[in-house]
1. Between Ser327, Ser315, Ser251, which is at pLDDT below 90 and under 21 Å from Pro99 (Cβ atoms)?
2. Identify, from the list His269, His274, His300, the residue that is touching a helix residue (DSSP H, G or I) at 6+ places or on another chain (Cβ under 7 Å) and free of Cβ contacts under 8 Å to residues at least 24 places away in the same chain.
3. For segment 98-115, give me each residue that is over 15 Å from Trp328 (Cβ atoms) and either free of Cβ contacts under 8 Å to residues at least 60 places away in the same chain or hydroxyl-bearing (Ser, Thr, Tyr) (or both).
4. Quick check on my filter: what residues within segment 1-25 are exposed (fewer than 10 other Cβ atoms within 10 Å of the Cβ) and assigned to a loop (DSSP other than H, G, I, E, B)?
5. Could you pull out the residue among Glu281, Glu290, Glu296 that is of a type in the set (Asp, Glu) and within 20 Å of the chain's Cα centre (by Cα)?
6. Which of the residues belonging to segment 190-208 are more than 19 Å from Glu112 (Cα to Cα) and either at pLDDT 95 or above or outside the structural domain of Asn180 (by TED's automatic domain parsing) (or both)?
7. Name the residues in segment 209-244 that are aliphatic (A, V, I, L, M), modelled with pLDDT of 75 or more and in a helix (DSSP H, G or I), would you?
8. Could you please give the count of residues in segment 87-134 that are charged (D, E, K, R), in a strand (DSSP E or B) and surrounded by fewer than 16 Cβ atoms within 10 Å (Cβ to Cβ)?
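The values are calculated or read from the model by the stated rules, or taken from the named source; none is laboratory data. What you see is a predicted model, and the numbers here were worked out from it, not measured in a lab. Because the Cβ atoms are built from the backbone with ideal geometry, glycine has one as well, and the counts that use them run over all protein chains shown.
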Amino acid sequence: EIEAVAQRLLHAVRCDVTVNEITLSLSASVGLTVYPFDESTPEVLIHHADMAMYEAKKAGGNQWRLYEGEATAALEHDSLLRELEQATDRQEFCLYWQPIVDLETLQISGAEALLRWQHPQKGLLAPAAFLEVLENSHLMPKVGHWILETALRQAEQWHQSGRRWDVHINLAAVQLKEPNFSRYIQGLLSQFPQLRRAAVWLEIVERVALDDVPAVAAMIQSCRALGIHFTLDDFGTGAAAIQYLVELECSGLKIDKSLIRPMRTSNKHHTMVHTLVDMAESLSIKVVAEGIEDAETADHLRALGVTHAQGYYFSRPVPVEQLETLSW
């Protein structure tokens, strides 16, 4: 009976909706738990169903999952970790690229490297399906080095071909804690002599940077001496004070989509973004706005003085061959 209800829900939600000539594909992720087999309080039952829903999302969405307890979750974790070990050995990871666009010229000014897993049975997997397990495993340093090396090699090829694009690369928490990380970066940069170092932007997430501000600031300072830049990613989602932004000496910040998306209809969000942009300009910090999904938001940002943006309005993450053919 549960399966029949879940399938009906999925079928009812699964459709395309057209809004202003834009077609949106809808789907659902459903999490279930069953009382009295799950003999918990109402609040815990809802929590367990929520956990199952996230398992459905991790598996790719448009499906349902039944909560089966912590033991099952542990088994699934171990199984995924073994698959990730095989994926690392078999070189199943690849990079997709999301363009960063100059809002004045509507030309690509850079691209963010994003990890994907070409799973032999499940197809192309986005990070939501595996990143949490990967980042908390012994595999992350090796995969992190591969991401950096692959992204910098691609950036050098762009620069050799005349594309003066920036390259943005996300750093995992474990990479910020690597001993002699700046020395590793120095050795890596020496392998790509035709790469413009000023075009390299390493992105760190706000919540990770604040775990140990002095240590992260020292690492950033060492790497900046090599000619590269750092961006504070997802700015506005955590508790980062302006003083930390200054203390870390990041050259850029990315305003999180949670601030960008509501600004068309929320004066408070509009004012907050305006304030961040003015502050960044006074500190000579480059701003990139994330999560742009329509022309109106892009126009608002342009009017506020934001010069660079990324989001589905311009392009979803795509393979490098497709990135190089994009235009607006």
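1. Step by step, each of Ser327, Ser315, Ser251 is checked, and only Ser327 is at pLDDT below 90 and under 21 Å from Pro99 (Cβ atoms).
2. Going through His269, His274, His300 in turn, the sole match is His269.
3. Ala113, Leu115
4. Glu1, Asn20, Glu21
5. Only one candidate passes the filter, namely Glu290.
6. Hits for segment 190-208 are Ser190, Gln191, Pro193, Gln194.
7. Matches in segment 209-244: Val213, Ala215, Val216, Ala217, Ala218, Met219, Ile220.
8. Within segment 87-134, residues that are charged (D, E, K, R), in a strand (DSSP E or B) and surrounded by fewer than 16 Cβ atoms within 10 Å (Cβ to Cβ) number 1.
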